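Chemist: To start, I am sharing the structure in question, which I have written as structure tokens.
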Amino acid sequence: MTETIGTPILEAPLAEGAKDQHMVLNMGPQHPSTHGVLRLVLEIDGEIIVRLYPEIGYLHTGVEKTCEAKFYQQVVPLTDRLDYLSPMANNLCYCLAVEKLLALEIPEKAQWIRVMLTELTRLNSHLVWLGTHAMDIGALTVFLYTFREREDILRIFEAVSGQRMMTSYFRVGGLAMEPPLDLFDRIQAFIKTFPEKIDEYSNLLTGNPIFINRLRGVGYLSATDAIALGVTGPPLRASGVDFDLRRDRPYSSYEKFQFKVPTSTVGDTWARYLVRLEEMRESVKIIQQALDGMPEGPIKADAPKIVLPDREKMKTQMEALIHHFKIVTEGFNVPAGEVYQSIESPRGQMGYYVVSDGTAKPYRVHMRNPSFATLQALETMCQGRLLADVVAVIGSIDIVLGEIDR
Amino acid sequence: MAVDTTLIDKAAVLEAMPEHPALQALLALPHDALANHALLNHALLDARFDRGELTLTVAPERIREAAAAVQAAGFNFLEDLTAVDWLPSEPRFQVSYHILSHAMKDYIRLRVMLSGDEATLASITSVWPGANYYEREVFDLFGIRFEGHPNLRRILMPDEWVGHPLRKDYPVEGYR
């Protein structure tokens with residue numbers, strides 16, 4: 001069963017009759033501005049991009065296959081290794097999908113904490129984007145500023161889950177454990193000063209003539225192209241499509257929060273920069289609302305056969321001990337069926353397609369990642385532009401190769 | 001339609017939501033004169049509403065038409081395309097298309113069942129160019145070929161790889 005279709009990329013893609021003038025240039029996978037291990041094959045005419053082919057798969061670890069051999073609860077730690085800049089968004093999407101299969105009701109407090117932490121994840125992810133994007137353009141200083149604030153967020157994550165990056169804090173049926181007592185105060189302290197920090201980044205970049213010249217008018221993507229190519233999230237909204245799953249198909253109590261969805265109709269790299277910057281301000285508002293209105297109550301669903309019991313109960317009650325033992329050794333059975341759950345991750349619409357055959361292991365888990373689809377639009381954005389613009393455009397679409405390759 | 005409602009077949013779905021634009025679009029497709037089997041006589045083979053999600057099973061040979069029809073009916077955004085291997089049942093492969101409508105803020109799932117180990121299906125890249133990478137991924141990991149695809153090469157696995165890892169007869173672990 002040998003399958004080889006097509007020919008190796010370096011020989012194939014030259015345009016008809018253009019072989020003499022055009023040059024094929026390889027960029028990556030070890031290139032500092034490709035944000036991971038993205039390899040691009042560029043066909044260039046002088047300095048103008050004629051064609052561009054992303055070659056991906058360098059980080060392919062077969063996560064979807066691995067999921068099929070794990071219990072439902074064992075998949076959670078795999079999910080945050082995909083998009084390592086927004087682990088909570090991955091956790092949330094997977095948990096919501098399995099909870100949909102199980103028809104499980106999640107307590108309100110757990111939902112609100114999920115919203116709050118997912119928005120912190122969005123800030124975390126956007127800070128990395130802003131720092132590296134500016135660094136690619138040549139504005140090195142911003143990186144140091146954004147990573148200073150990112151460190152605060154990572155410390156909050158560490159306090160919550162014991163891990164800075166691979167949090168795995170959201171579990172099927174609620175949260176892993178009670179958050180620490182001073183968590184809300186810490187987040188409040190961070191949120192209080194953060195809007196000023198956004199102004200600081202904005203002061204460094206928004207009026208900076210070099211930054212403006214490198215970004216404005218570069219990497220144009222029309223709304224029609226964006227929809228045809230499956231682009232979602234900030235790049236879609238920067239092209240003038242006003243769609244955000246948090247507002248339009250709310251999940252996990254998002255309908256109880258008031259926030260604006262920043263959009264732009266310009267569709268270039270500069271617009272994407274402004275949209276993300278504005279999104280950070282909106283996230284701060286959502287976190288503030290979550291802190292102000294945080295409901296009281298349990299953080300886990302009342303489903304002893306699915307949710308692990310508290311440590312205290314497990315050590316004092318026979319029933320809880322049995323449930324604990326059964327969940328850990330045998331998992332829990334999920335009714336047969338298929339669900340597709342999508343959320344608005346920092347990069348766009350993330351979807352988990354989970355198929356169950358009624359056993360304790362998922363029959364199929366598929367991750368729809370925003371980066372995978374957005375990468376397809378890279379050629380459209382770069383065609384006919386200068387080679388140096390590729391770096392600016394890659395920075396502006398904010399892809400993470402971990403989730404593209406899976 | 002309430003999330004906890006379950007409608008298990010085409011008749012029930014047609015009765016409960018006759019106005020659904022995607023259903024109407026698929027029913028309006030012309031009948032296939034060449035199909036001699038009564039079930040194949042229409043593009044829409046089956047429908048199901050479960051856990052708030054509408055699944056429409058489409059005849060494999062008419063998927064491109066069906067995709068164009070639901071696109072025209074307002075489901076304008078192809079969000080996801082993937083496959084499931086149901087080995088050892090027959091038909092073996094299921095290909096799922098998750099399509100979003102920005103205007104209606106709703107999803108539908110188009111589903112195609114394919115029999116045989118060497119399944120082929122028409123590519124929908126002419127309807128949504130964004131299906132390109134997804135179809136390459138399904139080809140790479142399941143070995144389903146897409147006719148009319150502009151560049152059907154492996155995407156995640158190396159070009160010279162043998163086998164299709166997400167098939168159920170492909171081992172999770174290698175030899176030790």
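The values are calculated or read from the model by the stated rules, or taken from the named source; none is laboratory data. Quantities reported herein were computed from a predicted structural model and do not represent experimental measurements. Because the Cβ atoms are built from the backbone with ideal geometry, glycine has one as well, and the counts that use them run over all protein chains shown.
Chemist: Return the total of residues in the stretch A:317-326 being crowded, with 20+ Cβ neighbours inside 10 Å and either β-branched (Val, Ile, Thr) or in contact with a Leu (Cβ under 6 Å, 6 or more places away or on another chain) (or both). First the steps, then the outcome.
Modeler: If we filter the stretch A:317-326 for residues that are crowded, with 20+ Cβ neighbours inside 10 Å, which is where we start, we get A:323.
Checking the rest, the ones that are also either β-branched (Val, Ile, Thr) or in contact with a Leu (Cβ under 6 Å, 6 or more places away or on another chain) (or both) come to none.
Within the stretch A:317-326, residues that are crowded, with 20+ Cβ neighbours inside 10 Å and either β-branched (Val, Ile, Thr) or in contact with a Leu (Cβ under 6 Å, 6 or more places away or on another chain) (or both) number 0.
Chemist: Would you list the helices (runs of 4 or more DSSP H) that sit entirely within the stretch A:222-293 and hold 2 or more residues that are of a type in the set (A, V, I, L, M, F, W, C)? Don't jump to the end; show me each part of the working.
Modeler: Details: elements: A:223-228, A:234-238, A:245-248, A:269-292.
In the stretch A:222-293, A:223-228, A:234-238, A:269-292 are the helices (runs of 4 or more DSSP H) which contain 2 or more residues that are of a type in the set (A, V, I, L, M, F, W, C).
Chemist: Looking at the stretch A:222-241, can you tell me whether even one residue there is within 14 Å of another protein chain (Cβ to nearest Cβ), of a type in the set (S, T, N, Q) and crowded, with 16+ Cβ neighbours inside 10 Å? Can you show your working first?
Modeler: Filtering the stretch A:222-241 for residues within 14 Å of another protein chain (Cβ to nearest Cβ) gives A:222-233, A:235-237, A:239-241.
Now restrict to residues that are of a type in the set (S, T, N, Q): A:222, A:224, A:232, A:239.
When the remaining residues are screened for being crowded, with 16+ Cβ neighbours inside 10 Å, the result is A:232, A:239.
Checked the stretch A:222-241: at least one residue is within 14 Å of another protein chain (Cβ to nearest Cβ), of a type in the set (S, T, N, Q) and crowded, with 16+ Cβ neighbours inside 10 Å.
Chemist: Taking A:Tyr53 and the conditions (1) within 10 Å of another protein chain (Cβ to nearest Cβ); (2) closer than 17 Å to A:Gly331 by Cα; (3) of a type outside the set (Val, Ile, Thr), which numbered condition does it fall short on, given that it satisfies the others?
Modeler: Exception for A:Tyr53: condition (2).
Chemist: Okay, next question. Please state which one of B:Val70, B:Val84, B:Val112, B:Val95 is β-branched (Val, Ile, Thr) and facing chain A (nearest Cβ under 9 Å).
Modeler: Details: B:Val70 fails: facing chain A (nearest Cβ under 9 Å); B:Val112 fails: facing chain A (nearest Cβ under 9 Å); B:Val95 fails: facing chain A (nearest Cβ under 9 Å).
Going through B:Val70, B:Val84, B:Val112, B:Val95 in turn, just one is β-branched (Val, Ile, Thr) and facing chain A (nearest Cβ under 9 Å): B:Val84.
Chemist: A:Gly402 versus (1) within 24 Å of B:Lys105 (Cα to Cα); (2) at pLDDT below 90; (3) small (Gly, Ala, Ser): which is the lone unmet condition?
Modeler: Evaluating A:Gly402 over (1) within 24 Å of B:Lys105 (Cα to Cα); (2) at pLDDT below 90; (3) small (Gly, Ala, Ser) leaves (1) as the failure.
Chemist: Scan the stretch A:158-189 for residues that are free of Cβ contacts under 8 Å to residues at least 40 places away in the same chain and farther than 17 Å from A:Gln111 by Cα and jot them down.
Modeler: A:Glu158, A:Ala159, A:Gly162, A:Gln163, A:Arg164, A:Leu181, A:Asp182, A:Asp185, A:Arg186, A:Ala189
Chemist: For residues in the stretch A:1-42 being in a strand (DSSP E or B), buried (at least 16 other Cβ atoms within 10 Å of the Cβ) and away from chain B (no Cβ under 14 Å), which is modelled with the lowest pLDDT? Show your work before the answer.
Modeler: Going residue by residue through the stretch A:1-42, those that are in a strand (DSSP E or B) are A:2, A:23-27, A:39-42.
Within this subset, residues satisfying the condition of being buried (at least 16 other Cβ atoms within 10 Å of the Cβ) are A:24, A:27, A:39-42.
Of the ones still in play, those that are also away from chain B (no Cβ under 14 Å) are A:24, A:27, A:40, A:42.
Numbers: A:Val24: 86, A:Met27: 83, A:Leu40: 87, A:Leu42: 88.
Applying the filter and picking the extreme gives A:Met27.
Chemist: OK, next. Can you pull out the residues in the stretch B:107-118 that are of a type outside the set (S, T, N, Q) and without any contact (Cβ under 8 Å) to a residue 40 or more places away in the chain? Quick ask: steps written out before the conclusion?
Modeler: Kept after step one, since they are of a type outside the set (S, T, N, Q), are these residues of the stretch B:107-118: B:107-114, B:116-118.
Answer for the stretch B:107-118, where residues must be of a type outside the set (S, T, N, Q) and without any contact (Cβ under 8 Å) to a residue 40 or more places away in the chain: B:Gly116, B:Asp117, B:Glu118.
One line per residue, one yes/no per condition, for (1) buried (at least 21 other Cβ atoms within 10 Å of the Cβ); (2) facing another protein chain (nearest Cβ under 8 Å); (3) out of contact with any Ser or Thr (no Cβ under 9 Å at 6 or more places or on another chain):
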residue	(1), (2), (3)
B:Glu118	no, no, yes
B:Ser126	no, no, yes
B:Asn132	yes, yes, no
B:Gly143	yes, yes, yes
B:Met157	no, yes, yes
B:Asp169	no, no, yes
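Chemist: Among the residues of the stretch A:96-141, what is the count of those that are β-branched (Val, Ile, Thr) and farther than 30 Å from B:Asp4 by Cα? Step through it out loud before you land on a result.
Modeler: Narrowing the stretch A:96-141 to residues β-branched (Val, Ile, Thr): A:98, A:106, A:113, A:115, A:118, A:121, A:128, A:132, A:137, A:141.
Filter once more, so that each one left must be farther than 30 Å from B:Asp4 by Cα: A:121, A:128, A:132, A:137, A:141.
Qualifying residue count, the stretch A:96-141: 5.
Chemist: Would you call A:Val275 within 26 Å of A:Arg214 (Cβ to Cβ), within 14 Å of chain B (Cβ to nearest Cβ) and among the β-branched types (Val, Ile, Thr)? Show your work before the answer.
Modeler: On the way: within 26 Å of A:Arg214 (Cβ to Cβ): yes; within 14 Å of chain B (Cβ to nearest Cβ): no; among the β-branched types (Val, Ile, Thr): yes.
Against the criterion (within 26 Å of A:Arg214 (Cβ to Cβ), within 14 Å of chain B (Cβ to nearest Cβ) and among the β-branched types (Val, Ile, Thr)), A:Val275 does not qualify.
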